[in-house]
Number of protein chains: 2
Amino acid sequence: MGRNKEFDTTLVLHKAMEVFGYYGYEGTSLQHLLDGLGIARQSLYDTYGTKRDLFISALKHYVTAKSDSVISYLENSDSVRQGITGVFHEGAFILKDENRRKECFIIYSAFDRIPHDTEVAEFITKDLKRLEEVFYETLVRGQSQGEISHRQELRALACYLNYARHSMTQLAKITSDPKVLDDYVKITLSSLDK
Amino acid sequence: MGRNKEFDTTLVLHKAMEVFGYYGYEGTSLQHLLDGLGIARQSLYDTYGTKRDLFISALKHYVTAKSDSVISYLENSDSVRQGITGVFHEGAFILKDENRRKECFIIYSAFDRIPHDTEVAEFITKDLKRLEEVFYETLVRGQSQGEISHRQELRALACYLNYARHSMTQLAKITSDPKVLDDYVKITLSSLDK
DNA sequence: ATCATTCCGGACCATTCAGTCTATAAAATG
DNA sequence: CATTTTATAGACTGAATGGTCCGGAATGAT
């Protein structure tokens, strides 16, 4: 009983990603959020709690969705090279979309918070580890399938690919030239060819 | 005539890099600066102007010094591969130094400011272009000297190396494991071997 | 000695901040 | 109708913000 929520809470969460991604965590004022989310102040506090609570909710929602997508790419592709290539092309594809790219930048607001918010730090660290592990296992499978040379140091390569994927988002923040992004992906992927 | 300045203005500028790098531009309060720089409030305003003025001064000082060093490495090494390798190893070396690494992170506070401060945006963009150009010319020289394969697309490769160098700083912000940094450099440099 | 400059601490300013509270209206359920 | 939940707008708070101004002391050059 009682009145129903009138706004889609996860849709508002996506808007929050954009706001935090644009202004950064410290640079985001409550007014920015109210304008960006299109809800009243009290609704924000009732639904999400404090500004920090909202930030963490938005961040977790973004990161887990992204990581799940990456992992699905890697684990559900028969060809390991196709899986890894798919991850990077998918990432670049989103970053080239004028609308969808905006929310991605919340991850960099989160990186900025690492030294000042242990919950953010632990969450990010755990997710990075989780992803690196999947990259590693995928590469191992690639070696056994003969797609990846046995000369490769898989641990270092997994780590590199993992960070390179994040760097791609950073790169998109500086330039919006799609060709730059594509070239970056191409050269990054050439590290598989040793 | 008159009393002399009692603090080394460029040394204080380096401290400002650290403060801004740690808290971010928005996250840095005047109190943080006063504590970090060790000078009185009025001295700060007399010497550097507003908080934003100080930020831009610190940023420009950092970026130009760094870029000049990179360019010097690239232009003054007979072997092109040694020059490029030198740039990355030097970068990693600084990022592994507990003290010297701190001031490097001002560059990411600057990236965050790009959408909100045109002067910062223009300065960063210009510096990125300048560096990419030197990378490109160096690679051209490398091809003519037979150090770089003629199959390489030099423009894309220059762009990649330029951004990869910046990503290295980002990487250092997330992890302080020196091995991760070294592996990252190693794999990045392997892109020269196509 | 005079004057200019820098130093410092603290007072002071208007503004903005995140967050709370109140009041009232609108739905949905019983 | 009564109850419960949500929605909105606006007033409000205490604290912190960046920035300015003042007063007095120290230092250096003429």
request  = Answer yes or no as to whether A:Gly91 is away from every other protein chain (no Cβ under 14 Å), more than 16 Å from DNA strand C (Cβ to nearest atom) and either under 12 Å from the mean Cα position of the chain (by Cα) or surrounded by fewer than 17 Cβ atoms within 10 Å (Cβ to Cβ) (or both).
outcome  = yes
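Would you check if B:Thr169 is within 27 Å of A:Arg113 (Cα to Cα) and either open to solvent by less than 10 Å² (accessible area, probe 1.4 Å) or free of Cβ contacts under 8 Å to residues at least 24 places away in the same chain (or both)? Walk me through how you get there before you give the answer.
Numbers: within 27 Å of A:Arg113 (Cα to Cα): yes; either open to solvent by less than 10 Å² (accessible area, probe 1.4 Å) or free of Cβ contacts under 8 Å to residues at least 24 places away in the same chain (or both): no.
No: the conditions fail for B:Thr169.
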ask   = Restricting the search to the range A:18-33, which residues are at the interface with chain B (Cβ under 10 Å from one of its Cβ atoms) and open to solvent by 60 Å² or more (accessible area, probe 1.4 Å)?
value = A:Tyr22, A:Tyr23, A:Glu26
query = Restricting the search to the range B:111-139, which residues are in contact (Cβ under 8 Å) with a residue 40 or more places away in the chain, open to solvent by 70 Å² or more (accessible area, probe 1.4 Å) and closer than 14 Å to B:Thr64 by Cα?
reply = B:Arg130
request  = Test B:Thr64 against the criterion of being among the hydroxyl-bearing types (Ser, Thr, Tyr), more than 14 Å from chain A (Cβ to nearest Cβ) and either in a loop (DSSP other than H, G, I, E, B) or open to solvent by 50 Å² or more (accessible area, probe 1.4 Å) (or both), and give yes or no.
outcome  = yes
query = Got at least one residue in the range A:67-74 being away from DNA strand D (no atom under 16 Å from the Cβ), surrounded by fewer than 21 Cβ atoms within 10 Å (Cβ to Cβ), within 14 Å of the chain's Cα centre (by Cα) and touching a residue at least 60 places away in the same chain (Cβ under 8 Å)?
reply = yes
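When the residues of the range B:144-157 are narrowed to those that are within 10 Å of chain A (Cβ to nearest Cβ) and touching a residue at least 24 places away in the same chain (Cβ under 8 Å), which ends up farthest from A:Ser176 (Cα to Cα)?
If we take residues in the range B:144-157 being within 10 Å of chain A (Cβ to nearest Cβ) and touching a residue at least 24 places away in the same chain (Cβ under 8 Å), then B:Gln152 is farthest from A:Ser176 (Cα to Cα).
The values are calculated or read from the model by the stated rules, or taken from the named source; none is laboratory data. Owing to the predicted nature of the structure, the values given are computational and were not obtained by experimental measurement. All Cβ positions, even for glycine, are placed from backbone atoms using ideal geometry, and neighbour counts span all protein chains on display. Keep in mind that these areas ignore ligands, DNA and RNA; they rest on the heavy atoms of the full protein, side chains included. Shrake-Rupley method; radii C 1.70, N 1.55, O 1.52, S 1.80 Å.
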